[in-house]
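Engineer: This structure is in structure tokens; I'll ask about it shortly.
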Protein chains: 2
Amino acid sequence: METVAFLDFIDHQIAKIDQRMLSRSEGYNPDLGAALEHLLTSGGKRIRPAVVILTGTLLGADEDPLVSLGASIELLHTATLVHDDLIDGSLLRRGIPTLNSNWSPEATVLTGDFIFAQAAEIASEIRSTEVMSLFSKTLSVIVNGEVRQLFSEQKVTSREEYFRRIYEKTGSLFVLAAHAAALISSADDSQVEAAKKYGNQLGKAFQVVDDVLDFVGNEERLGKPVGRDLYHGVLTLPTLYYMEQNPGDEDLSDLLDGKRDKQLVVQVIEKIKSSGSIERALDDACGSAERAVEALQVFPGGKEKEALKKLAQFVVERDV
Amino acid sequence: METVAFLDFIDHQIAKIDQRMLSRSEGYNPDLGAALEHLLTSGGKRIRPAVVILTGTLLGADEDPLVSLGASIELLHTATLVHDDLIDGSLLRRGIPTLNSNWSPEATVLTGDFIFAQAAEIASEIRSTEVMSLFSKTLSVIVNGEVRQLFSEQKVTSREEYFRRIYEKTGSLFVLAAHAAALISSADDSQVEAAKKYGNQLGKAFQVVDDVLDFVGNEERLGKPVGRDLYHGVLTLPTLYYMEQNPGDEDLSDLLDGKRDKQLVVQVIEKIKSSGSIERALDDACGSAERAVEALQVFPGGKEKEALKKLAQFVVERDV
């Protein structure tokens, strides 16, 4: 597991979360265990579990339900990635072959289903009907977003749609992490609301930076090709800013109309990079990170609070 | 919806369950609503919801959580069928095109996921952590069974494996229906145990008869081709009995070795039908139905109890 120095003090809990996830394959088909291990040891920064542990510990929750919550959210995330990679036809994630690239589509569908089931089982062990309700609602939001993207010919064409899409895809799980952690602690109503806001803004900053890294990232460190979104005609924030300034760019129009040309992608990336659109997107991400930190005002002091602040900063400064 | 006369008195609750399932697509992508409506109006005898309503009402549960429970179990069942049909490549179910036959695999995967999410959301509305736990464990059992079938080269070759397989595939959901209904009522421990036993034996009888109908059913009434299991090399109870008596049958060996020959399937079906193996399988189903009825002894009297008895009888006498 790759993590960051300011989170070292929760390594022990993150290790317990990893253990709880891996142990789920015991007693099931050995191929499922192999798949789960492959997925869970393929990197991943465990940011969602970290949000759970930090928020919950700061607000007075017990460790065991927090470990369950962190494990269930990371598994829910993993299950959606498995089905997502199948649908996108992605062969690499974090530089490591996806299940989809090695296995049949059938096995990939079922492995995703199995991980959903494990996520739900662990979530049910928390014995909070509120958490179960949030958990299943979040799954609906994520899947509905994917369905809309798949079924509708119409692509994201405005910043408003973009921000809705990244909420469904990423923000909703960050909100679940912070919100549910607060719910199973002794947080008061204003702290619960603050946790939701923190999760939402952190998720937004995280996804915008993810989308920016598709323009400026290092392929080797990212473990996936750069320019993939444009290559697939997917509009993200930097491109949306560029389009607003350059509505008639024909190279970009060609890509969005479905032309698959790697040389064209490289050209358009260069245009977007020199237009200042990357910086505007990063400004938005920094604004979200700041709002995430502001939300923490109603939380008590403590090393977990400082780590939550550093996490917001890390999310926008990372290069991987 | 197709149902049976002795269940007329719960039509009102079954209609509420249908309504609760259909209403789940409101506010989501319209294609999801269309898919859900297609799936839910494609027939289906609503036997699992009937078990929920009858068991729960008899044991003193309120109507509203029973409606939620019935809806969540039927949706869980529906979601697994959607992914199942995709994996099997089935084009027809109950005589009506499967989602898989009209839609892309991607859309089918996501629609299944969406229905899982709706099932979990409704189940969480019951606000019973025990029910949520059973619900997610049942999903694990179902998916694990499918995975084992898909991943292992080794097919079902014994009655023991067959009965394990049909428990995973069918029995587990019938047990969930009866068990969870008892849990949210005022049942005592012995009644909860009896409900589990009823569900288990009813599910076993149901699936054995389903497998028998693949030999002796009417294609038009079934809405699917007869002999499909043998054509795909899947061993069910009548074939297992036949094999025990005729271990050297080469025609059958050819089918099990993967030969796809419709004429050969017809020949082997005739041999199995004239061997008495169908009757032996039906005897087993009748035995299960009797044990289901016996389990009801610890339940109080009432029209729901009589209907549960008739349901066990119906399950083995049905021709569709």
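Every read-out reported here was derived from the displayed coordinates using simple, explicitly stated rules and does not represent laboratory data. Treat the numbers as computed from the prediction; the structure is a model and nothing was measured. Here Cβ is always computed from backbone atoms with ideal geometry, including for glycine, and neighbour counts include all displayed protein chains.
Engineer: Assume the label is 7 Å from Cα along Cα to beta carbon: what separations in nm does A:Asp8 have to the matching positions in the other copies?
Structural biologist: 7.7
Engineer: How many nanometers, to one decimal and shortest first, lie between the label point of B:Lys271 and those of its other copies, if labels sit 7 Å from Cα toward Cβ?
Structural biologist: From this label point to the equivalent ones elsewhere in the assembly: 7.0 nm.
Engineer: Averaged over its residues, how many other protein chain Cβ atoms are within 10 Å of peptide B:125-138's Cβ atoms?
Structural biologist: 5
Engineer: Right, another one. Using a label position 7 Å from Cα in the Cα→Cβ direction, what is the ascending list of nm distances from B:Pro300 to the same site in the other copies?
Structural biologist: Going from nearest to farthest copy, the values are 4.9 nm.
Engineer: Lys/Arg Cβ at +1, Asp/Glu Cβ at -1, dipole of the protein assembly as shown taken about the Cα centre: which of B:Phe299, B:Phe6, B:Leu240 is farthest positive-ward?
Structural biologist: Toward the positive end, the furthest listed residue is B:Phe299.
Engineer: Out of residues 5 or more away from A:Gly276 or on other chains, whose amide H comes under 5 Å of its own, with H placed 1.01 Å from N in the peptide plane?
Structural biologist: Answer set, sorted by chain and number: none.
Engineer: For region B:199-231 and region A:13-63, what is the centre-to-centre distance using only Cα atoms, to the nearest Å?
Structural biologist: The distance from the Cα centre of region B:199-231 to that of region A:13-63 comes to 41 Å.
Engineer: How shielded is A:24-30 by partner chains, expressed as the average number of their Cβ atoms within 10 Å of its Cβ atoms? Display every interim value, and only then the final one.
Structural biologist: On the way: counts 1, 1, 0, 2, 6, 10, 3.
That works out to 3 on average.
Engineer: At 222 nm, what helix-only mean residue ellipticity would the protein assembly as shown give, in deg cm²/dmol to the nearest 500, using -39500 (n - 2.57) for each DSSP H run of four or more? List each step's numbers first, then the result.
Structural biologist: On the way: 34 runs with 456 residues, N = 640.
So the helix-based figure for the protein assembly as shown works out to -23000 deg cm²/dmol.
Engineer: Still on this structure: Would you list B:Val52, B:Val147 from fewest to most Cβ contacts within 10 Å?
Structural biologist: Ranked by crowding around the Cβ, least crowded first: B:Val147, B:Val52.
Engineer: How long are the three semi-axes of the equivalent ellipsoid of chain A, in whole Å, if each is the root of 5 times an eigenvalue of the C-alpha gyration tensor, listed from largest down?
Structural biologist: Working: eigenvalues 204, 119, 57 Å².
Values for chain A, descending: 32, 24, 17 Å.
Engineer: I would also like to ask the following. Is there a quick way to get the dipole size of region A:5-317? I mean about its Cα centre, with the Cβ of Lys and Arg at +1 and of Asp and Glu at -1; what is the value in debye to the nearest 20?
Structural biologist: The calculated dipole for region A:5-317 is roughly 260 debye.
Engineer: Does region B:73-225 come out rounded, prolate or oblate, given a ≥ b ≥ c as the square roots of the eigenvalues of its C-alpha gyration tensor, rounded meaning a/c under 1.5 and, failing that, prolate meaning a/b above b/c?
Structural biologist: On the way: a/c = 1.77, a/b = 1.28, b/c = 1.38.
Because a/c hits 1.5 or more and a/b fails to exceed b/c, region B:73-225 counts as oblate.
Engineer: Bin width 20 Å, alpha-carbon pairs only: give the P(r) of the protein assembly as shown as whole percents, running from 0 to the bin holding the largest distance.
Structural biologist: Cα pair-distance distribution for the protein assembly as shown, in percent: 18, 48, 27, 6, 0.
Engineer: Springs between alpha-carbon atoms under 10 Å, Gaussian network over chain B: tell me which of B:Arg46, B:Arg165, B:Arg148 tops the mean-square fluctuations.
Structural biologist: B:Arg148
Engineer: Next question, about the same structure. Run the paramagnetic zone check for A:Glu219: 7 angstrom along Cα to Cβ, then residues of region A:19-49 with backbone nitrogen under 11 Å.
Structural biologist: No residues fall inside that zone.
Engineer: Moving to a separate point now. When each pair of different Cα atoms in region A:195-320 is counted once in the 1/r mean, what is the Kirkwood radius in angstroms, to one decimal?
Structural biologist: Details: mean 1/r = 0.0642 Å⁻¹.
Result for region A:195-320 stands at 15.6 Å.
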